[in-house]
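Colleague: Got a structure for you, questions after.
Read the figures in this text as sums done on the coordinates, not as results from a lab. Everything numeric here is computed off the predicted structure, so don't read it as measured data. Here the Cβ positions follow ideal geometry from the backbone for every residue, glycine too, while neighbour counts run over all protein chains shown.
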Amino acid sequence: MVYIVWVFLYPVRKARSLFLILSFLLGISIDFFSDSGGVNAFAITFIAYFRLPILMAVLKKSDLDYGQFNLKTLSANKIILFISILTVIHHFIVFSLEYFSFSEFLNIISNTVLTSIFTIMISFLGITLFAKKK
């Protein structure tokens with residue numbers, strides 16, 4: 001589920017409505033090919049909507065300059081925290097909607113944790129290894 005890197009890397013200063021529409025289209029295309037009935041579309045649109053408030057909570061106000069903000073320029077701790085929060089939320093939504101049963105709560109939690117760890121590691125490595133240093 002590394003496709004959520006799209007949400008991490010999309011520029012903050014671009015139009016939010018376009019970002020939400022593009023995120024939904026990415027999610028619905030994943031759903032179309034995986035036959036998952038809109039689960040990914042909902043989850044990625046949800047984290048796309050709440051990305052900015054989470055980003056503002058992770059960063060100090062002085063760090064958040066919309067004109068020059070770039071995830072690749074943040075410290076490793078802040079990148080990992082930001083990616084972790086959004087990834088866990090996304091995966092919890094996906095697995096909750098896939099299982100859709102309270103009796104499967106332990107499966108939902110275990111799948112969320114294990115998949116999130118893998119996704120966070122791959123996302124962080126991809127962002128840091130392929131980042132253009134300014």
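Colleague: So what's the angle, to the nearest 10 degrees on a 0 to 90 scale, between helix 39-49 and the longest Cα principal axis of the chain?
Modeller: 30
Colleague: As I understand it, the value is the acute angle between the Cα axis of helix 76-99 and the longest principal axis of the Cα atoms of the chain; what does it come to in degrees, rounded to 10?
Modeller: Taking Cα atoms only, the helix is inclined about 20 degrees.
Colleague: If R₀ is 25 angstrom, what is the calculated FRET efficiency for the pair VAL2 and ASN107, using the beta carbon separation as r and rounding to 0.05?
Modeller: The value I calculate is 0.70.
Colleague: Along the charge dipole of the chain, pointing to its positive end and built from +1/-1 on Cβ of Lys, Arg, Asp and Glu, which listed residue (ILE120, PHE92, PHE33) has its Cα farthest out?
Modeller: Ranked along the dipole, the leading option is ILE120.
Colleague: Show me the ranking of peptides 106-117, 39-50 by mean Cβ neighbours inside 10 Å, starting with the highest. Show your work: numbers first, answer last.
Modeller: Working: 106-117: 14.9, 39-50: 21.2.
Descending packing order for the listed peptides: 39-50, 106-117.
Colleague: Rounded to whole Å, give me the distance from the Cα center of segment 93-115 to that of segment 1-44.
Modeller: 20
Colleague: Let me ask something else. In angstroms, what radius of gyration and Dmax does the chain have, counting Cα atoms only?
Modeller: 15.1, 50
Colleague: Taking 7 Å along the Cα-to-C-beta vector as the label spot, tell me the ILE117-ASN77 distance in nanometres, rounded to one decimal.
Modeller: Each label point lies 7 Å from its Cα, and together they span 2.3 nm.
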